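What follows is a set of notes on a single structure, which appears directly below.
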Amino acid sequence: MELLRYEREHGNILWVMGPAFAFDSDARRAMQCLIENGYAHGLLAGNALATHDLEGALLHTALGQDIYTQRSHPNGHYNHLDVINKVRESGSIPQFIEDHRIDNGIMYSVVKHSVPFVRTGSIRDDGPLPEVIGDAYRGQGEMRRLVKNCTTIICLATMLHTIAAGNMTPSFRVLPDGTVRPVYLYSVDADEFVVNKLLDRGSLTATTIVTNVQDFVTILARGLGVL
């Protein structure tokens, strides 16, 4: 808690997120509150987080499942495809938010508060959204652009993006005034295999936490007094 309070004013907090947050209304709201209160200076994710977050904002579902009750809607498995098509029709995520008067969610708060984000895709993406980078090499470059400025990076429930970001993250950073300070790297996942995989790939300074990321981000937001 104290680290994030310090970093909000004196550092650069980068979040690396999987789509799990979009499937739970409380976690989605908690992340929105963290962004709105200045605890995010950058966001790395894939096509799925943005797609299902915007699906939750427009249709209150993620993969057709209600984000609050967890009940499946009839033919709801088409919802995310409908949302992708609507965003592509708008031409961009910010324009979609304006066109459909979106007023909640992670992507809404990122756009509203001008937090830079990078979306990198996979070969199996259905769509994807307009901002998603399909070129892996260009995607790496855009990710590095955000990583090189961060002083704290928090990776949540995404194995591939966590390992990718971890491989780009140094253990220390030299500030413009010549001060050398550590770069804090955290990996939070419900699967022990994921956090161990990050360490095995060489990110030896990472602090790993095995827990439910939806509970983690909700407790974090409450502890910081933003929820």
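The values are calculated or read from the model by the stated rules, or taken from the named source; none is laboratory data. These figures come from a predicted structure and were not determined experimentally. For neighbour counting, all protein chains shown are included, and Cβ atoms are generated from backbone atoms with ideal geometry for every residue, glycine included. Remember, those area values only see protein heavy atoms, side chains included, never the ligands or the DNA or RNA. Shrake-Rupley method; radii C 1.70, N 1.55, O 1.52, S 1.80 Å.
Entry remark, region 187-197: residues being open to solvent by less than 40 Å² (accessible area, probe 1.4 Å) and more than 21 Å from Arg29 (Cα to Cα) number 2 in total. If you go through region 198-216 and keep only what is at pLDDT below 90, out of contact with any strand residue (DSSP E or B) (no Cβ under 9 Å at 6 or more places or on another chain) and buried (at least 18 other Cβ atoms within 10 Å of the Cβ), you end up with nothing. If you go through region 166-186 and pick out every residue that is open to solvent by less than 50 Å² (accessible area, probe 1.4 Å), in a strand (DSSP E or B) and at pLDDT 95 or above, you end up with 1. Under the condition of being acidic (Asp, Glu) and part of a helix (DSSP H, G or I), the residues counted in region 102-117 number 0. Here is the figure for region 52-87: residues that are within 18 Å of Gln214 (Cβ to Cβ) and either crowded, with 22+ Cβ neighbours inside 10 Å or among the acidic types (Asp, Glu) (or both) total 9.
What number of residues within region 17-41 are in contact with a Ser or Thr (Cβ under 6 Å, 6 or more places away or on another chain), closer than 18 Å to Asp125 by Cβ and not small (Gly, Ala, Ser)? Residues in region 17-41 being in contact with a Ser or Thr (Cβ under 6 Å, 6 or more places away or on another chain), closer than 18 Å to Asp125 by Cβ and not small (Gly, Ala, Ser): 0 in total. I'd like the full set of residues that are outside any helix (DSSP H, G or I), surrounded by 12 or more Cβ atoms within 10 Å (Cβ to Cβ) and not hydrophobic (A, V, I, L, M, F, W, C), limited to region 129-165. Listed by number, the residues that qualify are Pro130, Glu131, Gly134, Lys148, Asn149, Thr151, Thr152, Thr158.
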